[in-house]
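These notes concern the structure reproduced below.
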Amino acid sequence: AGSKKAVNALRAALERGKFAEYHAVLYQNQPAEEVDGFTDARLLQLAGKVKGLRSPSFDAAVRSMKYRGFGDAAESAYAAAGHGGGHAGPGTPTAVVNGYQIPVESNGLLFDPGVFGKFLTLADGPSA
C-alpha cells in the first residue's frame with residue numbers, strides 16, 4: 001500500500017512542478033523493504049522538505065489517493081508487458097550496456113564500483 005501511496009504522491013508533485021525534487025527526497029528516505037513506511041503522514045512530512053510542494057490541493061491529493069488510477073494504469077501496463085506477479089521481468093536493478101542485459105543472477109556486480117567499471121570498460125570494446 002505504501003508504494004502505491006508514494007506513486008500517487010509523486011503524481012501529485014508532478015502537478016505542482018516538483019516531481020524530481022520530491023522523487024529525490026522519497027528515494028533518500030525509503031523505508032526498509034519489509035516495512036510499509038510510506039503512510040500519508042510520512043509522505044506529507046517528506047513533502048515539507050521540498051520548497052513549494054505542500055499546499056491544500058497537494059495534501060488533499062495525497063490523502064484521497066486522487067491519482068490512484070494513474071498508479072493502477074502503470075501497474076497494469078507493466079503486467080501486460082509480461083513483468084507482473086512473480087517478477088517475470090528483469091527487476092531492479094537492471095542494466096543494459098550496448099544491447100547486452102546483465103543477467104539477473106549477475107546483477108550484484110552493479111553494486112561493486114570496481115567490478116562494474118571493469119565491465120563497462122570491456123563492454124565499450126577496445127580503445128582506438
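The values are calculated or read from the model by the stated rules, or taken from the named source; none is laboratory data. These numbers were taken from a predicted model, which means no experiment stands behind them. Cβ atoms come from the backbone with ideal geometry, glycine included; neighbour counts cover every protein chain shown. SASA here: full protein model, heavy atoms, side chains in, ligands and nucleic acids out. Shrake-Rupley method; radii C 1.70, N 1.55, O 1.52, S 1.80 Å.
Looking at the chain, which longest stretch skips every one of the trypsin sites (Lys or Arg not before Pro) that is in a DSSP loop with at most 15 other Cβ atoms within 10 Å, leaving the sites themselves out? Within the chain, the longest run free of exposed trypsin sites (Lys or Arg not before Pro) spans 52-128.
Relative to the Cα centre, the charge distribution of the chain, modelled as +1 at Lys and Arg Cβ and -1 at Asp and Glu Cβ, gives a dipole magnitude of about 680 debye. Multiplying the residue separation of residue 118 and residue 39 by 0.36 nm and removing their Cα-Cα distance gives an extension gain of 24.4 nm. Over all orientations, the chain has a Cα convex hull whose mean projected area works out to 10.5 square nanometres.
With contacts defined as alpha carbon pairs under 8 Å and 6 or more residues apart, what's the relative contact order of the chain in percent? Could you put the intermediate results ahead of the total?
Working: 97 pairs, mean separation 28.4, N = 128.
Relative contact order comes out at 22 percent.
Please calculate how many Å² of accessible area the chain carries per residue, with a 1.4 Å probe and no DNA, RNA or ligand atoms counted. Kindly include the intermediate steps, with their values, before the conclusion.
Working: 8410 Å² over 128 residues.
It amounts to 66 Å² per residue over the chain.
Once backbone amide H atoms are built at 1.01 Å from N, residue 97 has 102 as its partners under 5 Å, excluding neighbours fewer than 5 places away on the same chain.
For residue 80 and residue 64, the difference between the fully extended length at 0.36 nm per residue and the C-alpha to C-alpha distance is 3.1 nm. Exposed loop sites, defined as GluC sites (Glu not before Pro) outside DSSP H, G, I, E and B with at most 15 other Cβ atoms within 10 Å, are absent from the longest region of the chain, namely 35-128. For the stretch 16-68, the fraction of C-alpha pairs farther apart than 19 angstrom is 24 percent. Once the Cα atoms are used to define both axes, helix 2-15 deviates from the longest principal axis of the chain by about 80 degrees. Where Lys and Arg each count +1 and Asp and Glu each count -1, what net charge lies around residue 42 among other residues with Cβ under 15 Å from its Cβ? Spelling it out: positives minus negatives among the neighbours equals +2.
Taking all protein chains as present, what is the carbon and sulfur share of the accessible area of the chain, in % to the nearest whole number, probe 1.4 Å?
Details: 4780 of 8410 Å².
Taking all protein chains in place, the chain shows 57 percent carbon and sulfur surface.
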